[in-house]
1. Residues that are of a type in the set (D, E, K, R), out of contact with any Pro (no Cβ under 7 Å at 6 or more places or on another chain), crowded, with 19+ Cβ neighbours inside 10 Å and at pLDDT 90 or above: does the range 41-50 have at least one?
2. Can you pull out every residue in the range 191-209 that is open to solvent by 50 Å² or more (accessible area, probe 1.4 Å), closer than 18 Å to residue 158 by Cβ and not in a loop (DSSP other than H, G, I, E, B)?
3. In the range 113-132, is there at least one residue being under 30 Å from residue 27 (Cβ atoms), buried (at least 19 other Cβ atoms within 10 Å of the Cβ), at pLDDT 90 or above and not polar (S, T, N, Q)?
4. Being open to solvent by 40 Å² or more (accessible area, probe 1.4 Å) and either more than 24 Å from the chain's Cα centre (by Cα) or of a type in the set (Val, Ile, Thr) (or both) is the filter; apply it to the range 348-371 and report the residue that is farthest from residue 130 (Cα to Cα).
5. Does residue 313 satisfy the condition of being modelled with pLDDT under 95 and among the aliphatic types (A, V, I, L, M)?
6. Since residue 313 meets every condition but one in (1) open to solvent by less than 10 Å² (accessible area, probe 1.4 Å); (2) more than 21 Å from residue 344 (Cα to Cα); (3) not in a loop (DSSP other than H, G, I, E, B), which condition does it not meet?
7. Test residue 24 against the stated conditions and say whether it is closer than 19 Å to residue 313 by Cα and open to solvent by 30 Å² or more (accessible area, probe 1.4 Å).
8. Give the residues of the range 76-97 that are touching a His at 6+ places or on another chain (Cβ under 7 Å) and open to solvent by 30 Å² or more (accessible area, probe 1.4 Å), sorted by residue number.
Amino acid sequence: MTPGTIIEQITDYANRADPYPLYEELRKTPVRREDDGTYVVSTYYEVRSLANDPRLSNDTRNRPAGYARTASAGDTNLPPSFIFTDPPVHDRLRDTINRPFGPPHSPRFLDSLRGDLTKVVTELLDAFEGKDQVDIVEDFAYPLPVTAICKVLGVPRDDESRFHGWADALASSLDPQAGEAGQAKGQQARQELGGYLAELIETKRRHPGPGMLSALAPDMTPADLEATALLLLVAGHETTVNAITNTTLTLLRHPDVLQRFQKEPDLAVPLIEEVLRYEPPVQFVPWTTALADIDAAGTTIPKGSPVWLMLAAANRDPNRFENPDRFDPDRKDNEHLGFYTGIHYCFGAPLARIELHLAVPELFRRVTFSGLLEDPPPYRANAVLRGPRHLPVTIEGLTP
């Protein structure tokens, strides 16, 4: 591995279909310095330790001036969303946002979504009737999370279709290699979506209804609430799309596990957790910065240095997981980093798990698959939120 080129290799689309040999090589140097001063951390215990270290900042405003590899954090006219802040601001915002979302304040909110989401899963699968070929992404994995996040926010059902393009452009702009065109597309999507959300938030403030926007309107400024909604759209949609698609692809590549899963529905929980380790929807976190000198694996990361935390590489660290390149739903002690860790642990993880546990078992209960039309399938350009752009498959039939 040539010094100074690892980030280019990580973000190179040629490695998107299978980045894991690259990660294996990367782990030989647990904390690696790039020529531009970025530190790339790839082993499990080092990634977990740094993610829980208060000396590592998520606030991209702490990055060195002119740093070219900072992922877009949002519209510069808005305050940073809570994922791009540090305590105490982070803790105040996250606590406020969590009140209408889950325990202890709203313990039944997510559970109340199950009926509507189950109906959506059924409708999407019913549409497979009479087809011998479908795209799991476009026909199944993409529509479900749109409905879910719109339900969470309180977006009218008639407006859901508009969120597809916005979410795609926003997620793509998070890629450190998005380029000027990708950043411009993301900026346009933020402006359009921001305008829509600003009007909707004002409407919810005057006429409260179901969903988080109404619940949060009295407790947050319009700008903070708009920034939060933008984040939840990307984090709550794109990652779940990838998780559903990665699970489908992984099972079709492992027919022995698939056959067992179809006979043992209770396997769903450990199976999905193993996919989150084996093919995590978020591959790495490229926006943290050292606020002080930090020692990790015998290397000192100097104050002010940008740090990339390689979650997917850590999830296959043989010093933490036995036979890490093996897909094993019987794996014990599977404390993966698929949803990150620490104070920035994925806010939407409970909702994502509900969607996965509704979608995946029903997909493989009802659909008889013939096989993959492309393997590997075409992947999204985004190296951070990694997943197939399309997953075309052939099917033999549909069970009621």
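1. yes
2. 192, 199, 203
3. There is no residue in the range 113-132 that is under 30 Å from residue 27 (Cβ atoms), buried (at least 19 other Cβ atoms within 10 Å of the Cβ), at pLDDT 90 or above and not polar (S, T, N, Q).
4. 365
5. no
6. The one condition residue 313 does not meet is (2).
7. For residue 24, the condition - closer than 19 Å to residue 313 by Cα and open to solvent by 30 Å² or more (accessible area, probe 1.4 Å) - is met.
8. Passing the criteria: only 83.
The values are calculated or read from the model by the stated rules, or taken from the named source; none is laboratory data. This is a predicted model, so every value here is computed, not measured. When we count neighbours, we look across all protein chains shown, and the Cβ atoms used for this are built from the backbone with ideal geometry, even at glycine. Only protein heavy atoms, including side chains, enter the accessible area calculation; ligands, DNA and RNA are left aside. Shrake-Rupley method; radii C 1.70, N 1.55, O 1.52, S 1.80 Å.
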